[in-house]
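Taking it in order: structure first as structure tokens, then the write-up.
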Amino acid sequence: MNPFDYRRASSVEEAVALAKAPDAAFIAGGTNLLDLMKGGVTTPAVLIDVSRLALADITELPDGGVRIGAMVPNADAANHPLVRQRYPLLSQALLAGASPQLRNKATIGGNLLQRTRCYYFYDTAFEHCNKRAPGSGCAAIDGYNRNHAILGASSSCIATNPSDMSVALAALRATVRVQGPGGARAIPMQDFHRLPGANPERDTTLIPGELITAVDLPRSAFSRHAHYLKVRDRASYAFALVSVAAALDLRDGMVQDAALALGGVAHKPWRVPQAEAMLIGHPLDQSALQAAADAALLGAHPYEHNRFKLALAKHAVVRAFSVAGGIA
Ligand SMILES: Cc1cc2nc3c(=O)[nH]c(=O)nc-3n(C[C@H](O)[C@H](O)[C@H](O)COP(=O)(O)OP(=O)(O)OC[C@H]3O[C@@H](n4cnc5c(N)ncnc54)[C@H](O)[C@@H]3O)c2cc1C
Ligand code: SF4
């Protein structure tokens, strides 16, 4: 591991000021960053410890929404009564991730910024990885690409975003609150993570030095009919091959509103408002769900080893909504 300085911030303002140092990185739970540092994938010159900032509360917002502080551990968020009652989709997604020990340590802010699980990105023995070494190429496109993207990829990178939590946050139309050198701002989830384009080294639209302070969830009608379906190689402790966050506002058998996002298929949580819109105003049935699943995967482009993801993702969309709506 490269030598680095360590500074502990005692306020958000101090953290943002310290982050102006060259090659500075925030560290929260450290469950992703330390692995990356040990592998030489990232080599920050200074670590700014933000884990003890007063950002570990979960509070009700005046409009009926909920704010989750960036330092709230994943386990605490998943088990908090406000989250369990109002956002069971988020609770399920959090509990589908990692292991109990990791969820105790991993934070909401860190989870949003965890990096891809592309094997070529993690292993510095492979020299061709545009995300790790911009301009070096992409070993995955003609290599082993079983866990890679089928939607929104580019000729520079076909990596996926591995976060379960982010898929639920995208479906629930959450907002990420940040504080940076230019002040505070709020970023809608669909604009927070980015597609790789020609700059896959950038996972998000954050400006350098911006600190995530909280995630806001709007008032939700998705508390009764929600299901997070994670399809993976093992029943536990494995990243998603495909995941689906599905939720419905169902009244008298009619869909009033629908929420859908997919994980494991793109560089960002994949939200398709058109597929949601196809369900609204209709009774929930298998043919409507199949049509929505087809719409959600429109434009998919599988690679040599991940062709199975296309059918798997469609089946998962139908299954997740069927369970959410009680017609499975
Ligand atoms: C073995 C293993 C299995 C896992 N399985 C899953 C899984 O199945 N599903 C899943 O979703 N995740 C999984 N994870 C990933 C885990 O969820 C993340 O490692 C964790 O959420 C990261 O949170 P952290 O607080 O430890 O972040 P850190 O490691 O501290 O930081 C991660 C990144 O976020 C930045 N950062 C942290 N906090 C902030 C902030 N407030 N503002 C700005 N930048 C910040 C850091 O600079 C760093 O770049 C797994 C991890 C491991 C090690
Ligand atoms: S898919 Fe992205 S992360 Fe993986 S090798 Fe290619 S450029 Fe690197």
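The values are calculated or read from the model by the stated rules, or taken from the named source; none is laboratory data. Not measured: the values here are computed from a predicted model. Heads up, the Cβs are rebuilt from the backbone with ideal geometry, glycines too, and the neighbour counts pull from every protein chain shown.
Is there any pair with a first residue in the stretch 143-166 that is under 22 Å from Y237 (Cβ atoms) and surrounded by 19 or more Cβ atoms within 10 Å (Cβ to Cβ) and a second that is among the acidic types (D, E) and modelled with pLDDT of 95 or more whose Cβ atoms are under 8 Å apart and which are 6 or more apart or on different chains, and what are they?
N161/D203
What about A98, is it among the small types (G, A, S) and part of a loop (DSSP other than H, G, I, E, B)?
Taking the combined requirement at face value, the residue satisfies it.
Does L260 fit the bill of being under 25 Å from L95 (Cα atoms), in contact with a helix residue (DSSP H, G or I) (Cβ under 6 Å, 6 or more places away or on another chain) and not acidic (D, E)? Let's see the steps before the verdict.
On the way: under 25 Å from L95 (Cα atoms): yes; in contact with a helix residue (DSSP H, G or I) (Cβ under 6 Å, 6 or more places away or on another chain): yes; not acidic (D, E): yes.
Against the criterion (under 25 Å from L95 (Cα atoms), in contact with a helix residue (DSSP H, G or I) (Cβ under 6 Å, 6 or more places away or on another chain) and not acidic (D, E)), L260 qualifies.
Check off (1) over 22 Å from the mean Cα position of the chain (by Cα); (2) closer than 25 Å to L94 by Cα for S220 and give me the number that stays unchecked.
(1)
Within the stretch 148-200, can you find the residues that are charged (D, E, K, R) and within 16 Å of ligand 2 (Cβ to nearest atom)?
R194
Checking F239 against (1) over 30 Å from E127 (Cβ atoms); (2) assigned to a loop (DSSP other than H, G, I, E, B); (3) of a type in the set (F, W, Y), which test does it fail?
(1)
Out of (1) surrounded by 22 or more Cβ atoms within 10 Å (Cβ to Cβ); (2) over 22 Å from G40 (Cβ atoms); (3) not polar (S, T, N, Q), what's the single condition that is false for R173?
(1)
Restricting attention to the stretch 154-166, does a residue exist that is of a type in the set (G, A, S) and within 21 Å of L217 (Cα to Cα)? Working first, answer last.
Kept after step one, since they are of a type in the set (G, A, S), are these residues of the stretch 154-166: 154-156, 159, 163, 166.
Now restrict to residues that are within 21 Å of L217 (Cα to Cα): 163, 166.
Yes, the stretch 154-166 has at least one match.
Do we find that A106 is near ligand 1 (Cβ under 8 Å from one of its atoms) and over 18 Å from A28 (Cβ atoms) in this structure?
no
Mind checking whether some residue in the stretch 44-59 is more than 22 Å from Q179 (Cα to Cα) and modelled with pLDDT of 95 or more?
No.
Residues checked against (1) of a type in the set (S, T, Y); (2) within 15 Å of ligand 1 (Cβ to nearest atom):
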{"residue": "G110", "(1), (2)": "no, yes"}
{"residue": "A125", "(1), (2)": "no, no"}
{"residue": "P134", "(1), (2)": "no, no"}
{"residue": "Y144", "(1), (2)": "yes, no"}
{"residue": "L151", "(1), (2)": "no, no"}
{"residue": "A159", "(1), (2)": "no, yes"}
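Can you find a residue that is buried (at least 22 other Cβ atoms within 10 Å of the Cβ), within 13 Å of ligand 1 (Cβ to nearest atom) and closer than 24 Å to L248 by Cα anywhere in the stretch 60-69? Walk me through how you get there before you give the answer.
If we filter the stretch 60-69 for residues that are buried (at least 22 other Cβ atoms within 10 Å of the Cβ), which is where we start, we get 66, 68-69.
Now narrow it down to the ones that are within 13 Å of ligand 1 (Cβ to nearest atom): 68-69.
Cutting the leftovers down to closer than 24 Å to L248 by Cα gives us 68.
Checking the stretch 60-69: at least one residue is buried (at least 22 other Cβ atoms within 10 Å of the Cβ), within 13 Å of ligand 1 (Cβ to nearest atom) and closer than 24 Å to L248 by Cα.
Checking the condition closer than 21 Å to A174 by Cβ, surrounded by fewer than 21 Cβ atoms within 10 Å (Cβ to Cβ) and among the acidic types (D, E), which residue from D249, D294 passes?
D249
Which one of S155, S91, S166 is of a type outside the set (K, R) and assigned to a loop (DSSP other than H, G, I, E, B)? Steps first, please.
Details: S91 fails: assigned to a loop (DSSP other than H, G, I, E, B); S166 fails: assigned to a loop (DSSP other than H, G, I, E, B).
From the options S155, S91, S166, the qualifying one is S155.
Among the residues that make up the stretch 188-202, is at least one of them part of a loop (DSSP other than H, G, I, E, B), more than 15 Å from ligand 1 (Cβ to nearest atom), in contact with a strand residue (DSSP E or B) (Cβ under 8 Å, 6 or more places away or on another chain) and within 19 Å of G64 (Cα to Cα)?
No.
Would you pick out the residues in the stretch 83-116 that are basic (K, R) and more than 9 Å from ligand 2 (Cβ to nearest atom)?
Those that are basic (K, R) and more than 9 Å from ligand 2 (Cβ to nearest atom): R84, R86, R103, K105.
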